[in-house]
1. Multiply the residue gap between I230 and T25 by 0.36 nm, knock off their C-alpha separation, and tell me the result in nm, one decimal place.
2. Express in nm, to one decimal, how much length is gained between L120 and L142 on full extension, taking 0.36 nm for each residue of separation and deducting their alpha carbon distance.
3. E108 to F221: extension gain in nm, 0.36 nm per residue of separation minus the Cα-Cα distance?
4. Would you mind ranking I90, I12 by Cβ crowding within 10 Å, fewest neighbours first?
5. In what sequence do T272, T25 fall when counting other Cβ within 10 Å, fewest first?
6. Starting from the Cα of E239, step 7 Å along the direction of its Cβ; do the same at K94; then give the gap between the two resulting points in nm.
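Coordinate-derived values only; no laboratory data. All of these numbers come straight from a predicted model, not from anything done at the bench. Counting neighbours? That spans all protein chains shown, and the Cβs are built from the backbone with ideal geometry, glycine included.
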Amino acid sequence: MAKIKKNWKDKIDPAFYKVVTYYVTILDGIEKSSKEGALNLPEDLIDKSLVDNLEWQNFNEPMDGKSLFEFANKMELLDDKGLRLIIDFINSMKDSDKILELSFQMVESLPEEESRAFYLSKLKSFSSHTIKDSKDFSWVTLSLLLRYMFIALEGDPRETTEEDIEHFKKTNVMSTIISMFNLISTNLAYQKTMPQIAEDIRNGDDKSLFKAITINKSILFDEEVKNRFIQAQLAGDTEFFKKAGKAIANNPLARIGQYGKTYSVLALFWYTGLYKLTNPELHCFLETCGLTPPKLENFQRFVKRNIRSVFPI
């Protein structure tokens, strides 16, 4: 086991488990919520300005990370240098040379010597000729970005003002947080991603439709979903409406898959280098993060069915 532990630390950032462990604590908090995973916003946040900003959007729409980081900067969780580096990184996704330049700057902020050495070794192996379409370049820089964000956001926020609350409600910050919450809930409850469920819905799978409704009620405003309800009404399909009503009333995490947290971690962080690990190394890494994955003899089948077949390399 000691050799396996050393092996995964040789292949990915030796301190990357810190990011995943923090994410697992978020999962634990959602799971233990008195609302069983349902949103539970303070009443002073729920007014017309927030509702107007959260009108139905495509439930598979990407999250607006820039707004979230700008708000973190406003709350003094993220300093100006950190904000500039992260925004520049996001804006330069198609410019490999710029990403490499920014990555070298980020490495300097890592507190662990072994992590700095790991990333410097990887980054120095890239050049403008080797980084184009390089999977290694993609996962190394993404892993580094997550580490940098994790460190940059470790501070304590200042006291919240009325102006902050209004900014929070009227920008994309709230919708981004809710999108993230829906993503996590889908992973935990169904061991699927929302795009997978969306594809099933488009293929006429009502079970997936009910799952999506339980996670995100605003899907009811989607044109395809409305048409499905009209179709059921015209056909007198009372069973459909009975199941839809139950889906609306259900809490997202009323049933958490036995290995929901393991799936959520693997799905979210797969392309940050976890795919480089063998199954025994991956199993050891997950245990280091405080998770209880399937027993090793069953783990290979779990990863092959739920992860490797869904997230191609």
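1. 69.6 nm is the gain from fully extending I230 to T25.
2. Working: separation 22, 0.36 × 22 = 7.92 nm, distance 1.42 nm.
Using 0.36 nm per residue and subtracting the Cα-Cα distance, I get 6.5 nm.
3. 36.0 nm
4. I90, I12
5. Ranking T272, T25 by Cβ neighbours within 10 Å, fewest first, gives T25, T272.
6. 4.9 nm
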